[in-house]
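Below is one structure; the comments refer to it alone.
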Amino acid sequence: MRHPATPAGVPSTGGGRIRAPLPFPTAARSAVADDQLRANLHRATRTIRGKRVRAVDEVPDWAALRDAGAAIKADVQRRLPELLERFEAAATAAGARVHWARDAAEACRIVVELTRAAGADEVVKVKSMATQEIELNEALAAAGIAAHETDLAELIVQLGDDTPSHILVPAIHYNRTQIRDIFRRRMADAPADLGAEPRELAEAARLHLRRRFLEAKVAVSGANFAVADTGTLVVVESEGNGRMCLTLPQTLISVVGVEKLVPSFADLEVFLQLLPRSSTGERMNPYTSMWTGVTPGDGPQDVHVVLVDNGRSAVLADPVGRSALSCIRCSACLNVCPVYGRAGGHAYGSVYPGPIGAILSPQLTGVADNASLPFASTLCGACADVCPVKIDIPEILVHLRQQAPHPVAERTAMRTLSWIMRSPRRWALALRVARRAAGPLGAWRHRRTGTRTLRRLPWPASAWTRSRDAPLPAPQTFREWWEKQ
Amino acid sequence: MVGKAVTARAEVLARLRAALVDAPTPVDVPRHYRRVAESVDLVELFVDRLVDYRAVVHHGFDALPRLLAGVDRLAVPDDIPGHWLTGFAGQVRRDTPPLSPADLDGMDAVLTGCAVAVADTGTIVLDAGQAQGRRVLTLVPDRHICVVRTGQIVGLVPEAVARLDPRAPQTWISGPSATSDIELDRVEGVHGPRRLEVVLIPDDDVIAPGR
């Protein structure tokens, strides 16, 4: 038996809301048929794409910033254990308490215990992907603690008993009228004649949350960045709800994925340029808060950081896939993705939708548990072009497709094809046989339709022709034609 | 076999070390991005960017009494330079003893200085240093009047980061509170101050607490 002090380090997959309950094509079917949803998504993603392009185009050194961002993150991954220890030491020295969680359940337990220790039965929350991932709100509710989302979009989703559908704008699937209806129905203090103007809706949210902020004892946040050298945490936001949560309560608990580190404070100079321009298309987001442990007399005096693995070690273990851990959650890849733009975020079944979700979720859970997601892409590459940290999403998608389980028939067919194509003689022979066999059929189709294609193949090949035509072999190969010349 | 005694910390670190058995090659971080802005009129650029994000900009000290004329209750940090309040007839609430959130909620405005400002992004950074006070001061009141000395304006984000101490709690402010959560339409004014007014003063004004 090994000594307990030297644990068996086996990179482990995670749990929480990262596992698609339905295969992507099944889940996407109803979304694609929902005209309202598609209209909302189209409008929103088109708007933000335009903003991002304008914000990025005015930066002459954008390419150099991306190079730096990608390299800093690659360096972090390479030195992750060492940097985490350094972060822990610095944050602890500054008065924070650092906790570690192997998985979602353990992270939730820690937050529940800390909230109880603070004598609170409710918490205010800053928008955080990590807490969505670990399903913290559900865990808090089960422990009798009410979690109040304070980001406008998260509030909309929470009041609508829904789940987020976008990393940055969780309520992107709703338009203003739908949001007004949710507020009228579920927000007790909303005016009865509440209109659908964004300004009015934002005002309603401000009033709804004001007292809650001023009286909150415990806040829960995530972090956009954690600085290893100094123990500093950074939260980037727009509305001021983040500042409220990070400043007013006595106790602050931040749930941080281990990949969020940057080595030094100076590295923020790169990410504070890359993130706002890539995500909201602004030169800078309205508010960025940074804190290092406890500042006596200013802000929370009881400060906790929960460092979460939950599958990240499994992602790190794959040399090809690990760069998915570079993601700074800007969501630019969602906004340019033709698949996301039509299917929306819910079809991905994970808190991480879109192209980044299609590579991150399967790696966090193990590909077998999210096998359809690597296929939820056309491999067009638009995601890689906009990624501020240059994650080669298509490359990782293809890599994960190779790991996904394939049906026996498909595997056998591919193996046979590979055997045939390995030898020029076998290949030429196979073509000749196929041509002979399909010749009369091709000629008949050509006479009737002008093309040598079949609309429908018998099962199991019918799966292929459901959305495509199947081409028949040409009457003559290029080589045969060349030899005749 | 893993015993109960293994802490989550040890387990997570061991997993991450095991994940790196392929020993990835060291990375050289290329830093070819701009560290210092080329010669541009920083004040002009800063004003342009502030206005673009709907902050209101005033020039010179003379603007201050005019701005404050409409304010009854004004929160200020302890070490606010005395002459910033010259001619102010309303009620000044200093942050000693610390003002409660409810007190601050009843204020018409807060007046502070700043640590550094970034022209390229129209950003004002507060670090709880001189004439800035606690973070909560500039958060709860609905109107924030911020005095920026022209010498505090730098060109680019890297220049600002270089001037700041990571140990100080920082708030980077770019325009008033805003949201784009509804149809990605930007709306100014949610939870933070809905009005941000910037008073630009020449650099030769030395901040002297209690003057």
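The values are calculated or read from the model by the stated rules, or taken from the named source; none is laboratory data. All values reported here derive from a predicted model rather than from experimental measurement. Glycine also receives a Cβ, built like all others from the backbone with ideal geometry; neighbour counts cover every protein chain displayed. Each accessible area value is taken on the protein alone, full model and side chains, heavy atoms only, with ligands, DNA and RNA left out. Shrake-Rupley method; radii C 1.70, N 1.55, O 1.52, S 1.80 Å.
Structural remarks
- Across peptide A:244-250, the mean count of Cβ atoms from other chains lying within 10 Å of each residue's own Cβ comes to 4.
- For chain A, calculated [θ]222 nm from helices alone, where every DSSP H run of n ≥ 4 adds -39500 (n - 2.57): -15000 deg cm²/dmol
- Evaluated with a Cβ-only charge set (Lys, Arg +1; Asp, Glu -1), the stretch A:429-483 carries a dipole of roughly 240 debye about its Cα centre, given to the nearest 20.
- Peptide B:160-168 has a mean shielding of 6, counted as Cβ atoms of other protein chains within 10 Å of each residue's Cβ.
- Accessible surface of B:Trp84 - all protein chains present, 1.4 Å probe, nearest 10 Å²: 10
- Pair A:Ala141, A:Cys380: separation of 7 Å Cα→Cβ label points (nm): 3.6
- For B:Arg93, the solvent-accessible surface with a 1.4 Å probe is about 80 Å², rounded to the nearest 10.
- Peptide packing: for B:26-39, A:402-415, the average count of neighbouring Cβ atoms within 10 Å per residue gives the ranking B:26-39, A:402-415, highest mean first.
- In chain B, the calculated helix contribution to ellipticity at 222 nm averages -5500 deg cm²/dmol per residue, counting -39,500 (n - 2.57) for every DSSP H run with n ≥ 4.
- Across peptide A:287-296, the mean count of Cβ atoms from other chains lying within 10 Å of each residue's own Cβ comes to 6.
- When the charge dipole of the stretch A:25-170 is built from unit charges on Cβ atoms (+1 for Lys and Arg, -1 for Asp and Glu) and taken about the Cα centre, the candidate among A:Leu155, A:Ala55, A:His166 whose Cα reaches farthest toward its positive end is A:Ala55.
- For the stretch A:429-483, accessible area per residue (1.4 Å probe, heavy atoms of protein chains only), Å²: 83
- 29 Å Cα-Cα reach of A:Lys390 towards lysines, excluding residues that sit fewer than 8 places from it in its own chain: A:Lys51, A:Lys73, A:Lys127, A:Lys260
- Averaging 1/r over each pair of different alpha-carbon atoms in chain A and inverting the result gives 24.8 Å, the Kirkwood hydrodynamic radius.
- Overall size of the stretch A:151-236 from C-alpha positions, given as principal axis extents largest first: 52, 30, 22 Å.
- Hz values of 3J(HN,Hα) by residue in the stretch A:152-168 - Karplus curve (6.51, -1.76, 1.60), Gly and Pro given as x: 4, 5, 5, 5, 4, 5, 5, 5, x, 6, 10, 10, x, 10, 7, 5, 8
- Counting DSSP beta bridges with both ends in chain A, the antiparallel % (nearest 5): 35
- In the stretch A:429-483, Rg over Rh equals 1.02, where Rg is the alpha-carbon radius of gyration and Rh the Kirkwood radius from pairwise Cα distances.
- Fraction in percent of alpha-carbon pairs per bin - 10 Å, chain B: 8, 29, 29, 14, 11, 7, 2, 0
- Take the Cα of A:Thr477, go 7 Å toward its beta carbon, and the backbone nitrogen atoms of the stretch A:406-439 under 16 Å from that spot belong to A:417-439.
- Accessible-area composition of chain A, carbon plus sulfur, in percent [1.4 Å probe]: 55
- Accessible area buried at the A-B interface, both sides summed, 1.4 Å probe (Å², nearest 100): 8000
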